[in-house]
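**Student:** Let me begin by handing over the structure; questions about it come next.
The values are calculated or read from the model by the stated rules, or taken from the named source; none is laboratory data. Note that the structure is predicted; figures quoted are calculated from it, not measured. No Cβ is skipped: glycine too gets one built from the backbone with ideal geometry, and neighbour counts run over all protein chains shown. We work out accessible area using only protein heavy atoms, side chains counted, and drop any ligands, DNA or RNA first. Shrake-Rupley method; radii C 1.70, N 1.55, O 1.52, S 1.80 Å.
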Amino acid sequence: MTDLSIVVPLYNEEDNVPLLHAAISGALADFPRVYEVVLVDDGSKDATFDAAVALVRRDPRVRVVKFRGNYGQTAAMAAGIREARGDIIVTMDGDLQNDPLDIPDMIRLIDEGHDIVVGWRKKRQDGGMRVFVSKVANRIMARLMGVAVRDSGCSLKAFRSILIKQLPMYGEMHRFIPALSRLAGARLAQVEVRHHPRQFGVSKYGFSRIYKVMLDIISIRVLLSYVRRPMAWPRLLIALVTALGIAAVIAAVVNGGIALPMLAIGSLLLSLGLFLLGWAVIGQMLASLSDNVSSFAILGAKLSNAIRHEGEER
Ligand code: UDP
Ligand code: MG
């Protein structure tokens with residue numbers, strides 16, 4: 001029986017792995033519950049895997065998942081979460097920038113009834129430009145998603161496993177977990193956490209991340225509103241464009257002869273209407289394929305049920 005799983009994605013972190021293990025063991029030395037550490041080697045090209053296996057030999061609480069290639073941080077987190085056996089799952093970076101000393105506080109907040117606890121790197125130890133960009137991104141996300149999370153990108157988070165195991169995770173999705181959790185009606189808490197400068201190894205991201213994250217924000221936002229009411233506004237647009245097109249064609253042919261420019265405008269509008277219609281149909285099909293809305297709602301119901309039955313289940 002495992003109470004807590006700590007999931008750590010690792011890509012080329014050979015020097016950090018033993019120190020990370022020492023830091024976790026130290027931070028949880030007096031922790032009164034059974035925990036495990038799930039290390040996910042995301043196809044490292046250095047000796048990260050060997051370092052992780054050395055830990056498994058020494059400490060039965062450590063488990064390792066090894067990817068055959070570099071699938072990215074989100075995929076590594078998702079794999080670790082899938083492997084995790086604890087009722088509570090904590091995710092954190094493996095580069096010692098997050099500090100396991102913050103874990104007990106986060107667990108306490110989960111015990112108090114929160115489904116997700118998000119760290120806030122108040123005194124962040126990264127370059128000024130990165131911190132600025134990240135602040136702007138968090139503001140935009142708060143506006144677009146309606147979730148006022150200060151630091152969505154902070155990897156140090158704690159979850160009830162019933163929540164995190166059922167959230168969708170792809171792309172750079174791990175940054176959107178707080179927003180998605182909110183969709184399920186999850187109870188969210190934020191807590192200030194420590195943050196250290198990277199000592200060994202290098203950051204795995206450059207500025208291309210800004211672009212990817214922006215795209216993800218837009219696509220998730222569009223998806224969410226589209227999935228709720230797929231045909232709502234395209235329908236109006238299609239009707240308008242098509243009506244204008246028909247009017248133009250009629251105007252082009254009424255006076256006996258055919259007014260070519262007007263006819264051209266009419267056919268253009270009509271084809272635009274057709275194009276929009278096709279687009280709306282695809283949207284409708286996508287919406288009916290995905291069960292996003294209901295699955296978030298069901299997840300929310302499960303969260304509260306689990307709380308109500310807690311006494312009975314344990
Ligand atoms: N990471 C990973 N796969 C990747 C990139 C990163 O598993 O393709 C891990 C990395 O080893 C670290 C965490 O994700 O444990 C965060 O990465 P990093 O420290 O490079 O990001 P930053 O702190 O610069 O945002
Ligand atoms: Mg880092």
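**Student:** Describe numerically, in nm with one decimal, the distance between label points set 7 Å from Cα along Cα→Cβ at residue 59 and at residue 284.
**Tutor:** According to this spin-label approximation, the distance is 5.6 nm.
**Student:** Hey, any idea what % of the chain's accessible area is carbon plus sulfur with a 1.4 Å probe?
**Tutor:** After summing per-atom areas, the C and S share lands at 61 percent.
**Student:** Between rounded, prolate and oblate, where does segment 92-176 land on the alpha carbon gyration tensor, with a ≥ b ≥ c its root eigenvalues, rounded for a/c under 1.5, else prolate if a/b exceeds b/c?
**Tutor:** oblate
**Student:** For residue 45, project a label point 7 Å along Cα to C-beta. Then give me every residue of segment 56-78 with its amide nitrogen under 14 Å of that point.
**Tutor:** Of the residues in segment 56-78, 69-71 have backbone N under 14 Å from the label point off residue 45.
**Student:** How many percent of all Cα-Cα pairs in segment 72-127 sit more than 14 Å apart?
**Tutor:** Everything past 14 Å amounts to 63 percent.
**Student:** Rounded to the nearest 5, what is the percent of antiparallel bridges among the DSSP beta bridges in the chain?
**Tutor:** Of those bridges, close to 25 percent are antiparallel.
**Student:** Which net charge results when you count Lys and Arg as +1 and Asp and Glu as -1 among the other residues whose beta-carbon is under 15 Å from that of residue 54?
**Tutor:** With Lys, Arg at +1 and Asp, Glu at -1, the neighbours total -2.
**Student:** Give the residue from 161, 181, 195 lying farthest towards the positive end of the charge dipole for the chain; charges sit on Cβ (+1 for Lys and Arg, -1 for Asp and Glu) and the dipole is referred to the Cα centre.
**Tutor:** The Cα lying farthest towards the positive end belongs to 181.
**Student:** Shifting gears a bit: Strictly over 28 Å apart at the Cα level, which of 66/122; 66/302; 122/302; 66/212 would you flag in this model?
**Tutor:** From 66/122; 66/302; 122/302; 66/212, over 28 Å: 66/122; 66/302; 122/302.
**Student:** Nothing charged except the Cβ atoms of Lys and Arg (+1) and of Asp and Glu (-1): what's the magnitude of the dipole of the chain about its Cα centre? Round to the nearest 20 debye. Before the final figure, lay out each step's value.
**Tutor:** Working: 38 positive and 30 negative charges, 180 e Å.
Around 860 debye, computed over the chain.
**Student:** Here's another thing I want to ask about it. Ignoring everything except DSSP H segments at least 4 long, calculate the 222 nm mean residue ellipticity for the chain; use -39,500 (n - 2.57) per segment, divide by total residues, nearest 500.
**Tutor:** Computed ellipticity for the chain at 222 nm equals -17000 deg cm²/dmol.
**Student:** Whole-Å semi-axes of segment 1-110's equivalent ellipsoid, largest first, each the root of 5 times a Cα gyration tensor eigenvalue? Write out the running numbers ahead of the final one.
**Tutor:** On the way: eigenvalues 90, 42, 32 Å².
Listed largest to smallest, the semi-axes of segment 1-110 are 21, 14, 13 Å.
**Student:** Counting pairs of alpha carbon atoms under 8 Å apart in space and at least six apart in sequence, what relative contact order in percent does the chain give?
**Tutor:** 17
**Student:** I've got another one for you. If I take every Cα pair under 8 Å that is 6 or more residues apart in segment 1-122, average their sequence separation and divide by the length, what percent do I get for the relative contact order?
**Tutor:** Contact order relative to length: 38 percent.
**Student:** Return one quarter of the surface area of the convex hull spanned by the alpha-carbon atoms of segment 4-226, equal to its mean projected area, in nm². Don't skip to the answer; put the middle values down first.
**Tutor:** On the way: hull surface 45.5 nm².
Across all orientations, segment 4-226 yields a mean hull projection of 11.4 nm².
**Student:** Using a cut-off of 13 Å between beta-carbons, work out the net charge of the residues near residue 145 (Lys and Arg +1, Asp and Glu -1, residue 145 not included).
**Tutor:** +4
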